[in-house]
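The values are calculated or read from the model by the stated rules, or taken from the named source; none is laboratory data. Given the structure is predicted, the values throughout are model-derived calculations rather than measurements. Note that we place each Cβ from the backbone using ideal geometry, even for glycine, and neighbour counts take in every protein chain shown.
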Amino acid sequence: MSIINKLASRQGIKSDLPNQQLAKEIVETNNTEGIKEIAENLKNKDRKIQSDCIKVLYEIGYLRPELISEYVHDFLKLLTSKNNRLVWGGMIAVATIAVLKANELFAHRDELYLSMEKGSVITIDNAVKALAKVAAHKEEYNQEIFPFLITHLKTCRPKDLPQHAESVLVAVNLRNKDQYLAVLQERADHMSSSQLKRIQKLNKKLEEI
């Protein structure tokens, strides 16, 4: 039986639970052929199947990113899709494998920048995560990507700053630590008390760098 028949939409179920269960089953059985079939159906004419497939793939990425890492270019292609569900789903998938595919993603950094500038909230959140992980991989990558992330931290919505700053922390090192800290301090006046607490936790972590 085709693994596609286990997707939520093929079962007539509106919940994402079947897709999450399928991802877990694939991981537990190391079903690489199943993953290949799911990836191929990202191009299915049925948008519901497309959506289910990207959901299954990034759920696998949460559990065992190495199982989907070879599909990095498939995920990158989704970033220009007219289907926004595939765009932000693709970016989630990219974020889950960014540590494993830093070299490939660095080569396509301009595409990530563009998606981040034009994307939805979920797309932006995961682009920040992906870019920060790539920047943490190698100093050369850091010097190229970190300024972009800093500009984002300076201009993003105040309510998004704590989360995005937390994501960027992985790319902070001795060279750029002061620059990162300065942005957090500059924007402190625009933070709520709960947001400031998250920023303060970051300040403590910075002391360890």
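Residues in region 161-192 that are over 21 Å from residue 106 (Cβ atoms), assigned to a helix (DSSP H, G or I) and either in contact with a Leu (Cβ under 9 Å, 6 or more places away or on another chain) or at pLDDT below 90 (or both): 161, 162, 165, 166, 177, 181, 183, 184, 188, 189, 190.
Applying the condition of being of a type in the set (Lys, Arg) and closer than 17 Å to residue 72 by Cα to region 116-138 and asking which residue is surrounded by the most Cβ atoms within 10 Å (Cβ to Cβ) yields 133.
Conditions tested, residue by residue: (1) in contact (Cβ under 8 Å) with a residue 40 or more places away in the chain; (2) more than 19 Å from residue 124 (Cα to Cα); (3) surrounded by 14 or more Cβ atoms within 10 Å (Cβ to Cβ).
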position	(1), (2), (3)
6	no, yes, yes
38	no, yes, yes
47	no, yes, no
56	yes, yes, yes
77	no, no, yes
95	no, no, yes
105	no, no, yes
109	no, no, yes
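Restricting attention to region 19-34, which residues are out of contact with any helix residue (DSSP H, G or I) (no Cβ under 6 Å at 6 or more places or on another chain) and in a helix (DSSP H, G or I)? Show your work before the answer.
Keep residues of region 19-34 that are out of contact with any helix residue (DSSP H, G or I) (no Cβ under 6 Å at 6 or more places or on another chain), which gives 21, 24-25, 28-33.
Result: 21, 24, 25, 28, 29, 32, 33.
Going by the structure shown, is residue 127 without any contact (Cβ under 8 Å) to a residue 12 or more places away in the chain and assigned to a helix (DSSP H, G or I)? For residue 127, the condition - without any contact (Cβ under 8 Å) to a residue 12 or more places away in the chain and assigned to a helix (DSSP H, G or I) - is not met.
Return the residue satisfying two criteria in turn: it lies in region 193-209 and is without any contact (Cβ under 8 Å) to a residue 12 or more places away in the chain and part of a loop (DSSP other than H, G, I, E, B), and of such residues it is surrounded by the most Cβ atoms within 10 Å (Cβ to Cβ). Break it down into steps so the answer makes sense when it comes.
Quick first cut of region 193-209, residues without any contact (Cβ under 8 Å) to a residue 12 or more places away in the chain only: 193-194, 196-197, 200-201, 204, 207-208.
In the following step, the residues that additionally are part of a loop (DSSP other than H, G, I, E, B) were identified as 207-208.
Details: 207: 7, 208: 5.
Once the filter is applied, the top-ranked residue is 207.
When residue 15 is tested against (1) modelled with pLDDT under 95; (2) outside any loop (DSSP other than H, G, I, E, B), exactly one condition is not met: (2). When 141, 180, 113 are checked against the criterion of being buried (at least 17 other Cβ atoms within 10 Å of the Cβ) and under 30 Å from residue 57 (Cα atoms), 141 stands alone in meeting it.
Among residues belonging to region 149-191 that are of a type in the set (Gly, Ala, Ser) and in contact (Cβ under 8 Å) with a residue 24 or more places away in the chain, point out the one that is nearest to residue 137 (Cα to Cα).
As a first pass, look at region 149-191 and keep what is of a type in the set (Gly, Ala, Ser): 165, 167, 171, 182, 188.
The next check asks that each one be in contact (Cβ under 8 Å) with a residue 24 or more places away in the chain; those that pass are 165, 167, 171.
Numbers: 165: 18, 167: 14, 171: 8 Å.
Checked region 149-191; the qualifying residue nearest to residue 137 (Cα to Cα) is 171.
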